[in-house]
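Reviewing the structure listed below.
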Amino acid sequence: MPIRKTYEFEGVTGAKVGRFNQGINTQFIVYRMGETVIDTGPSNQWRYVKQFLAQQPVEQLLLTHHHEDHSGNAHHISMAHGVLPRAPKLAQDKLATGYKTPYLQRLIWGSLVPVKTQTLREQESLADGSKIIPVHTPGHAKDLTCYFLPEQGYFFSGDLFIAKRLKLLRSDENLEQLLQSIQKVLKLDFDTLFCPHGGIIKDGKSALQEKLNNILDLCEKAQTLSKKGLSLEEVTHQLLGPEDMVAKLTGGNFCKTNLIRQGLHISLL
Ligand SMILES: [Zn+2]
């Protein structure tokens, strides 16, 4: 599909792409601030990402993590604009060799095109010299690194936020680390959150705080029901309803039960 929506907010522009139009898990917004691009969109949408990026030169590409919707076009951008993308150290090997993508993800996004990268530095900057601070936020993925722009009060959240409510968890996600990462980010001074799936959120810090509260609340409810003797499946069903198509299509890799299973072990002190 062509560019589905464009965004413009105080120096940031964005283009939403996606093969399917089935909500936030199938759409991706590529953001740029002048010559700096953050994440690339999926490789099956390269035609449209290319159009968006052709509007002005790209001097710098920063990646948040190795997932194919975020880094799928890094190789193409690297070739088209002559930039060597910067990526978190923990992402670099996977980006260089590529990796096997599960069927559903391949259908939605296409696969990652392997790409050579250089390691992110402790601090990066925009062309005007203003700071970009990489913030390591594991949980969703070990390498996930968000970008904090203190002068602008901006936070590019990779896959840390996505939505105020977490309903599913991938089997390789770590809920405890995710909660710690959100708490770490809530100490930063920012207003606007740029989510590649959910869009631009002006009161981004409150939205992230709400997400944290919702997860903790869910964990507390799950633990209470579990103490009453309900099984994992019963707790999941009671709090989140039956598993949906995504769970079936991913063979249980991305499902509600994963979330509750980990939620039962979260310390709520
Ligand atoms: Zn991801």
* **segment 59-103, residues that are more than 16 Å from the ligand (Cβ to nearest atom) and of a type in the set (D, E, K, R)** => GLU59, ARG86, LYS89, ASP93
* Asked: Of all residues in segment 45-78, how many are surrounded by fewer than 21 Cβ atoms within 10 Å (Cβ to Cβ) and of a type in the set (S, T, N, Q)?
  -> 4
* Asked: Can you tell which of GLY34, GLY82, GLY18 is under 19 Å from the mean Cα position of the chain (by Cα) and either buried (at least 21 other Cβ atoms within 10 Å of the Cβ) or not β-branched (Val, Ile, Thr) (or both)?
  -> GLY18
* Considering only segment 163-174, state which residues are in a loop (DSSP other than H, G, I, E, B), charged (D, E, K, R) and within 16 Å of the ligand (Cβ to nearest atom). => LYS167, ASP172, GLU173
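Before we move on, is GLN177 without any contact (Cβ under 8 Å) to a residue 40 or more places away in the chain, within 17 Å of the chain's Cα centre (by Cα) and either under 30 Å from ARG4 (Cα atoms) or within 16 Å of the ligand (Cβ to nearest atom) (or both)?
Here the answer is yes, as GLN177 does meet what is asked.
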* Structure fact -> Among (1) crowded, with 16+ Cβ neighbours inside 10 Å; (2) within 29 Å of THR40 (Cβ to Cβ); (3) without any contact (Cβ under 8 Å) to a residue 40 or more places away in the chain, GLU243 falls short only on (2)
* Filter pass, THR250 being surrounded by fewer than 20 Cβ atoms within 10 Å (Cβ to Cβ) and within 23 Å of LEU107 (Cα to Cα) -> yes
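FYI, it's all coordinate maths here, none of it is from the lab. If you're wondering where the values come from, they're calculated on a predicted model, not measured in any experiment. Heads up, the Cβs are rebuilt from the backbone with ideal geometry, glycines too, and the neighbour counts pull from every protein chain shown.
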